[in-house]
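Presented below is the structure to which this report refers.
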Amino acid sequence: MYFIFKDLSERFKNMTLNGEKSDDLKQDSLKRWMKGCEKLQPDSKLKKTTNIYESTARVYSTVLLKVNPWEQLHYYKVQILKHKTENKFWLFRTWGTIITPHGDDLLRELPKKVCIRKYRWLVKSRLKRDFVTLDIEQGSTLNLEDSFESKLIPSVQNLMKLIFNTENIRKVMQDFNLDTNRLRPGQLSNKKIRQAYAKLKMILQAISIVNDKADDKVVIINEASAKFYSCIPHLPGKIRLLNDRKIIQEKLDMLDELSEIYLADKIMNYRTGEICNVLDIYYSKLKTDIKELSVNAKEFEIIQQYIEKTHSFVHNKYEIEVKKIFVVNRAGEAQRFNNRTRGIGNRMLLWHGTAVTNISSILLKGLRVPKKSFSSTSHIFGRGIYFADVVSKSANFCRVKGQNSTVLLLLCEVALGSMEEKYEPDNNLVLPKKKHSVFARGQYGPNCDDCTEISPGVKVPYGKLVEQKLSEKSKLKLIHNEYVVYDPAQIKIKYLVQIKFNNAPPQAVI
């Protein structure tokens, strides 16, 4: 893919360029070098008789960069040249360091197919040697869309920019008090995350050690804590001994979030020799068909009412404004859903809220049950996938910071089937046989007499919130309803709703 540099002089802070430290570089000199990369043709007669070859899908011209251990910036340029009037092709490549006035080059006339095959091989082989692809734009920063026209419609392009936003990832890391100088977006390691999980598991086991082995407990906790922080670097002033279950749970939740971010990170740092817009690459890696829903569609009106009617009075510190609605079709999910839910009725369209940094992993992998070895105390009805019929309840899980934030909510078709009804939390709940889901009844829920269907057999509970009329009302511990399923195959993601929080960010989750 195209490695996105926020600022080239910042990315290669310590490199030398024309004998100067990059701290002293003027931006215009850096721009001139970058613009020069666009003119890759050799200083020969071919410069007047050839053009860079362009097919309908791509331009065969690539610049790759690499920093060596001495902080010098190496380049490798490769292109295919085509004669302006004749059907002749040349493979041209040049390489060197920026500080050298002229690097080495090589020019060979080859058949078109051979040129293309060798071009792709050269690019991919360099990417495997720690080179990154330079995406050139007209300024000093490099962005996601300027060099190659995207095939996506503008609204989906903007959606990709929202989902794959490194600044959002950085903010999440800062919220977790991580040292973003040592653990920047693009540097997440699945291996390190797994090792950190293992250390927390070791500490949880140590906490359970009986008193006569108290010394062993202290040693294990101290050593495992140190190894945990070596895996996941934190800010120096935010490092705490992991000797309390509450602290450990916070770190488990953090690792769950980092596991989701890792998948987004992996997509953003996927390296390929393909020459196309990076947003298109991101989109293709999600393996999901996404289309904008027309504001004139009946579905749009139903979803709009669902939002307006089920915004709880409890969450009255902000307003929700619908910006866009996208229809989502994950590859293979509909077939899995249909196969699993034959004979399972009671299908509802329900909300699921999560941080925008998690959306890419959800589109790629689907909604998943939390890891078995770490049952979270925040999962008040066991390890399941949680939904709501109150939009503001789900919106509060979007990890919003600051006023007027834009986030994404999931609307899913959920096959609830026969529900086990609960009135108070049960962390150790095991779903009884012949039951398909849990319905945790809250004190307030949508008026069941006011509902509609968005598609045949799929109910939308968009009635205004009313007090639940139950003789057991005194037992109701939750303020709003929750629905829990324990099999991801009972879920089909139908819509992504892009919303904006007006007036204030959401308060604590309720």
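Below is a table of values for the structure above.
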read-out	value
Any hit, region 247-268, residues being under 20 Å from ILE493 (Cβ atoms), surrounded by fewer than 16 Cβ atoms within 10 Å (Cβ to Cβ), in contact (Cβ under 8 Å) with a residue 24 or more places away in the chain and of a type in the set (D, E, K, R)	no
Flag if ILE493 is aliphatic (A, V, I, L, M), under 20 Å from GLU321 (Cα atoms) and modelled with pLDDT of 90 or more	no
Check on PHE374, in a loop (DSSP other than H, G, I, E, B) and either among the hydrophobic types (A, V, I, L, M, F, W, C) or modelled with pLDDT of 95 or more (or both)	yes
Sole residue being closer than 30 Å to ASP450 by Cα and modelled with pLDDT under 95, chosen from ILE320, ILE303	ILE320
Positions within region 436-455 being in a loop (DSSP other than H, G, I, E, B), of a type outside the set (S, T, N, Q) and out of contact with any Phe, Trp or Tyr (no Cβ under 8 Å at 6 or more places or on another chain), in sequence order	HIS436, CYS448, ASP449
Cβ-Cβ under 6 Å pairs, at least 6 apart or on other chains, region 285-305 side within 28 Å of SER361 (Cβ to Cβ), far side part of a helix (DSSP H, G or I) and of a type outside the set (D, E, K, R)	LYS285/ILE267; LEU286/LEU363; LEU286/LEU364; THR288/LEU363; ILE290/VAL156; GLU292/SER155; LEU293/PHE300
Elements of type strands (runs of 3 or more DSSP E) contained in region 69-183, each with 2 or more residues being at pLDDT 85 or above	73-83, 89-97, 104-109
Exclusive hit being surrounded by fewer than 14 Cβ atoms within 10 Å (Cβ to Cβ) and either in contact (Cβ under 8 Å) with a residue 40 or more places away in the chain or outside the structural domain of LYS464 (by TED's automatic domain parsing) (or both), set ASN346, ASN339, ASN358, ASN316	ASN339
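The values are calculated or read from the model by the stated rules, or taken from the named source; none is laboratory data. Small disclaimer: the values here were computed from a predicted structure and weren't measured. Positions of Cβ are backbone-derived with ideal geometry, glycine not excepted, and every protein chain shown enters the neighbour counts.
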